Amino acid sequence: MYNSKITGLGKYVPENVVTNDDLSQLMDTNDEWIQERTGIKERRHIKKGDGNSTAKMGAKAAEIAIKRAGLTNNDIDMIVFATLSPDYYFPGCGVQVQHLMGMDTIPALDVRNQCSGFIYALATADQFIKSGMYKNVLIIGSENHSGGLDFTTRGRSVSVIFGDGAGAAVLSREEDTSKGVLSSHLHSQGEHALELSLKGPSTEQWVPELIENNPQENIPYYPYMNGQFVFKNAVVRFSEVIMEGLEKNNLNVTDIDMLIPHQANLRISQFVQKKFKLTEDQVFNNIQKYGNTTAASIPIALTEAWENGKIKEGDTVVLAAFGSGFTWASSIIKW
Ligand code: UT7
C-alpha cells in the first residue's frame, strides 16, 4: 500500500492586473459593490498577444512544481489537467502540456469539474499512485476566463468575479501511509447543472442554430450564474464535505492547521471560518488579488500558502471546493 503526497507546487498568473476601477470603465459597476459582495480588489487577465493560454499557463506553473519536487519532466508518469476554459473544444489541455513540456508519450487526462476540478484531479492522481501504477503524477488547474466573459453591464454579476491563472502540483508516491493525501470526498448533483453554466455553442445548439434561435443581444455564449442559489448551496456543501473528510479520518475541526477553500467569494470562506470557529491564520484566502480562478484557485492558494511558510511538515491541510455541476469535494492531507 502506498499514499501519495504533494512534493512540488507552482503557480503562474498573467502580468496584466485589472482593478475594480478598470472594470467600472467598461460596465456599470464599482469598487465598493465588488469588494463588499465578493472581497475582490483585482484580478489578472490574459492580454492578447502576451503568449498565454490555458495550456501554456498550466505548463508554466507545472515547470515550477516539477523543479520544486526535485524532478525532471521525464520523471512524470501522467498528467491530469482540470479546466472549464480549455484552449480548444477538443482535444483537452493535458495533451498540449505533454507536448509543450517535451514529455514522453505519457497519458494525459482532462477533468471537467469546474471549481471542484483540482480536487477531482488530485483524487484521480492519488488513486493511480495508491494502486502502484504510477509514481509521479502532475496535476494542473488553469483557466482563461477573461477571453469568454461579457464585459458589458449585462454580464456584470459574473464577469467581475472571475480571473485568469494556473496552479500545479506534483503528486508522488509516499511509502508512509500516515502521510500525504489521507482521503478525498467527491460529490455531484446534476439536477442543478444549469444554475452555473455556459450552454452555447454546444451539441444541443451548434453555432448556426445558436445564431438563428437567439436574439443578437442574448446569445448564450456567456456564462450564466444564479448567484444567490449558488451561494446558498455553496455554504452548506462546503461545510458538509469538510466535516465528511474530518470524520473519515477521526479528526476534529480543531485539528485543522490550514484550510484552503476554493476562492469563490470571500464571504463564503468567512462563513465557513466562522461556522467552524477557525482563526484567520487557519484559512488561506487570496481572492482579493486574483478573483475566482475556478480550477486554478486551490493550487494557486496552496502554492502561496506554502511559499509564505504557512504550511509545515506534519500539518493537517484541508482542501474544499464547490461549484458548477453542482460538484463539491474535499481532500484531507497530512503534510
Ligand atoms: O466558483 C463557483 C461558485 N460560485 C459562487 O459560489 C458564487 C456564489 N454567488 C455569489 O458570490 C454572489 O451571489 C454574487 C457575488 C455573484 C452576487 O452577489 P449578490 O449579493 O447575490 O447580488 P445579486 O446577484 O443578488 O444582485 C444584487 C444587485 C442587483 O441589483 P438590484 O436588482 O438589486 O437592483 C444586481 O443587478 O446588485 C446588482 N449587481 C451589480 N451591481 C454592481 C450585480 N452585479 C453587479 C456588479 N456591480 N458587478
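What follows is calculated from the coordinates using simple rules that are stated; it is not laboratory data. Just so you know, these numbers come straight off a predicted model, no measurement behind them. Heads up, the Cβs are rebuilt from the backbone with ideal geometry, glycines too, and the neighbour counts pull from every protein chain shown.
Key figures for this structure:
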item: Chain lengthening between E217 and Q25 when straightened (0.36 nm per residue, less Cα-Cα); result: 67.1 nm
item: Acute angle (nearest 10 degrees) that the helix 297-307 long axis makes with the longest principal axis of the chain, alpha-carbon atoms; result: 50 degrees
item: Positive minus negative residues near T72 (Lys, Arg vs Asp, Glu; Cβ under 15 Å); result: -1
item: Sites N16 and V207, calculated FRET efficiency, Cβ-Cβ separation with R0 30 Å, nearest 0.05; result: 0.55
item: Per principal axis, descending, Cα span of the chain in whole Å; result: 59, 47, 37
item: All lysines inside 26 Å of K130 as judged from Cα atoms, apart from same-chain residues fewer than 8 positions distant; result: K5, K11, K67, K179, K248, K312, K334
item: Neighbourhood charge, 12 Å Cβ-Cβ cut-off, centred on M103 and excluding it, Lys, Arg +1 and Asp, Glu -1; result: -4
item: Pairwise centroid distance, computed over Cα atoms, of region 266-312 with region 47-120, Å; result: 23 Å
item: Region 59-179: Cα Rg divided by the 2.2 N^0.38 Å rule of thumb; result: 1.15
item: D150 versus K67: modelled label distance in nm, points set 7 Å from Cα along the beta carbon direction; result: 4.2 nm
item: Region 42-189 - percent relative contact order, Cα under 8 Å, separation 6 or more; result: 31 percent
item: Helix-only [θ]222 nm of the chain, DSSP H runs n ≥ 4, -39500 (n - 2.57) each, per residue, nearest 500; result: -9500 deg cm²/dmol
